[in-house]
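Novice: What follows is a structure written as structure tokens; I'll ask about it next.
The values are calculated or read from the model by the stated rules, or taken from the named source; none is laboratory data. If you're wondering where the values come from, they're calculated on a predicted model, not measured in any experiment. Here the Cβ is made from the backbone with ideal geometry for all residues, glycine too, and neighbour counts use every protein chain on show. Surface accessibility is based on the protein's heavy atoms, side chains included, excluding ligands, DNA and RNA. Shrake-Rupley method; radii C 1.70, N 1.55, O 1.52, S 1.80 Å.
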Amino acid sequence: MQAEATRGLLDRDYQSFPGLQGLTVHSGDSVNTGEWPTWAERSLSGARLQTYATAAGGRSAAIRLYWWNIQVSAAFYGPLHCLEVALRNALHGALMHRFGRPDWWSIAPLDADGARLVSDAQTKCGRRINHRPATADDVVAELSFGFWVKLLSRRYDRTFWVPALHRAFPRGSGRRDDLHRQFTTMMLLRNRISHHEPIHHRRLEADHATLFRLLDLLNADLSAEARRLDRVPTVLKQRQDTCAGLRTPQF
């Protein structure tokens with residue numbers, strides 16, 4: 001039933017996608033029979049495409065799903081870019097104010113993993129910037145999304161959240177644990193996109209709503225600007241309801 005619904009939409013609607021015209025549809029294609037096109041086997045690998053074939057109900061449909069996964073990943077990239085940069089700058093600003101210096105990490109009570117990530121970022125900056133000392137802004141830009149999301153975890157509730165980080169959300173933040181969970185979800189989505197992994201099986205409408213809810217909390221004006229360029233709803237409509245019934249991870 002799941003494969004039937006997915007294949008039906010792919011066969012019917014994907015021919016109109018930009019760049020997909022002219023692909024041959026084989027509605028009777030089996031998930032495990034036939035051969036991948038030579039270019040797909042050579043450059044994408046049959047093993048990689050097999051997960052798409054299982055979800056889409058066939059090999060020709062799998063390639064269409066693969067292209068759509070690229071499109072929706074690209075559409076999410078811009079808003080996720082805004083979210084990550086806005087979060088790190090907001091948290092950095094709040095902690096800089098709290099500890100009274102731009103390199104607040106040098107005196108803040110980071111745990112061992114956090115201190116290691118800062119040290120690694122400083123080392124990378126030193127290797128890349130050989131004509132001047134690395135600034136605090138250089139280090140901030142080098143630190144990963146995961147580093148900043150972890151600062152919202154229970155581990156830092158009393159040391160960072162209560163005295164400082166709640167102020168990074170001028171419109172209010174709600175419960176810290178809910179906020180941390182939502183940012184973790186966005187971090188996992190961002191990581192999957194960055195590593196070119198499938199996201200078609202996720203609840204992408206919910207991901208999109210979470211992303212802009214968090215952006216609104218950080219900076220409503222930035223959120224409004226990001227919505228002007230947001231292509232996610234358009235791309236999702238091109239594959240309406242195909243995620244229904246697909247198994248999705250629980251975050």
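Novice: Considering (1) under 20 Å from the mean Cα position of the chain (by Cα); (2) within 21 Å of ARG88 (Cβ to Cβ); (3) modelled with pLDDT under 95, say which one LEU217 fails and leave the rest.
Specialist: (3)
Novice: Then there is this: Need pairs with beta-carbon distance below 8 Å; first residue within 16 Å of LEU151 (Cα to Cα) and within segment 168-179, second among the small types (Gly, Ala, Ser); sequence gap 6+ or separate chains.
Specialist: ALA168/ALA90; ALA168/GLY93; ALA168/ALA94; PHE169/ALA90; LEU179/SER173
Novice: Can I ask one more? Kindly establish whether ASP111 is touching a residue at least 40 places away in the same chain (Cβ under 8 Å), open to solvent by less than 90 Å² (accessible area, probe 1.4 Å) and more than 21 Å from PHE169 (Cα to Cα). Before the answer, list the steps.
Specialist: Numbers: touching a residue at least 40 places away in the same chain (Cβ under 8 Å): yes; open to solvent by less than 90 Å² (accessible area, probe 1.4 Å): yes; more than 21 Å from PHE169 (Cα to Cα): yes.
Considered against the rule, which asks whether it is touching a residue at least 40 places away in the same chain (Cβ under 8 Å), open to solvent by less than 90 Å² (accessible area, probe 1.4 Å) and more than 21 Å from PHE169 (Cα to Cα), ASP111 comes out as yes.
Novice: For residues that are touching a helix residue (DSSP H, G or I) at 6+ places or on another chain (Cβ under 8 Å), open to solvent by 10 Å² or more (accessible area, probe 1.4 Å) and in contact (Cβ under 8 Å) with a residue 40 or more places away in the chain, tally how many sit in segment 180-190. Give the derivation first.
Specialist: First, pick out the residues of segment 180-190 that are touching a helix residue (DSSP H, G or I) at 6+ places or on another chain (Cβ under 8 Å): 180, 182-187, 189-190.
When the remaining residues are screened for being open to solvent by 10 Å² or more (accessible area, probe 1.4 Å), the result is 180, 182, 184-185, 187, 190.
Pick out the ones that are also in contact (Cβ under 8 Å) with a residue 40 or more places away in the chain and you get 184-185, 187, 190.
Looking only at that region, the number is 4.
Novice: Being among the aromatic types (Phe, Trp, Tyr) and over 14 Å from the mean Cα position of the chain (by Cα) is the filter here; which residues of segment 65-91 pass it?
Specialist: As a first pass, look at segment 65-91 and keep what is among the aromatic types (Phe, Trp, Tyr): 66-68, 76-77.
Listed by number, the residues that qualify are TYR66, TRP67, TRP68.
Novice: Oh, and also: From the list THR51, THR38, which residue is modelled with pLDDT of 50 or more and either over 25 Å from ILE193 (Cβ atoms) or among the aliphatic types (A, V, I, L, M) (or both)? Spell out how you get there, then give the answer.
Specialist: Details: THR51 fails: either over 25 Å from ILE193 (Cβ atoms) or among the aliphatic types (A, V, I, L, M) (or both).
Only one candidate qualifies: THR38.
Novice: Going residue by residue through segment 115-132, is there one that turns out to be free of Cβ contacts under 8 Å to residues at least 12 places away in the same chain and within 14 Å of TRP104 (Cβ to Cβ)?
Specialist: Taking segment 115-132 and keeping what is free of Cβ contacts under 8 Å to residues at least 12 places away in the same chain, we get 115-116, 119-120, 123, 126-132.
Still in the list and also within 14 Å of TRP104 (Cβ to Cβ): 115.
Within segment 115-132, one or more residues are free of Cβ contacts under 8 Å to residues at least 12 places away in the same chain and within 14 Å of TRP104 (Cβ to Cβ).
Novice: Same structure, new question: I'd like the residue in segment 147-174 that is small (Gly, Ala, Ser) and out of contact with any Ser or Thr (no Cβ under 9 Å at 6 or more places or on another chain) and, out of all such residues, is surrounded by the most Cβ atoms within 10 Å (Cβ to Cβ).
Specialist: Pass one, segment 147-174, residues small (Gly, Ala, Ser): 153, 164, 168, 172-174.
Filter once more, keeping what is out of contact with any Ser or Thr (no Cβ under 9 Å at 6 or more places or on another chain): 164, 168, 172-174.
Details: ALA164: 21, ALA168: 23, GLY172: 7, SER173: 18, GLY174: 11.
Looking at residues that are small (Gly, Ala, Ser) and out of contact with any Ser or Thr (no Cβ under 9 Å at 6 or more places or on another chain), I get ALA168.
Novice: Report, by residue number, each residue of segment 70-99 that is open to solvent by less than 40 Å² (accessible area, probe 1.4 Å) and either hydroxyl-bearing (Ser, Thr, Tyr) or in contact with a strand residue (DSSP E or B) (Cβ under 6 Å, 6 or more places away or on another chain) (or both).
Specialist: Across segment 70-99, the qualifying residue is only SER73.
Novice: How many residues does segment 116-146 hold that are open to solvent by 50 Å² or more (accessible area, probe 1.4 Å) and either hydroxyl-bearing (Ser, Thr, Tyr) or under 26 Å from ASP177 (Cα atoms) (or both)?
Specialist: Number satisfying all stated conditions: 7.
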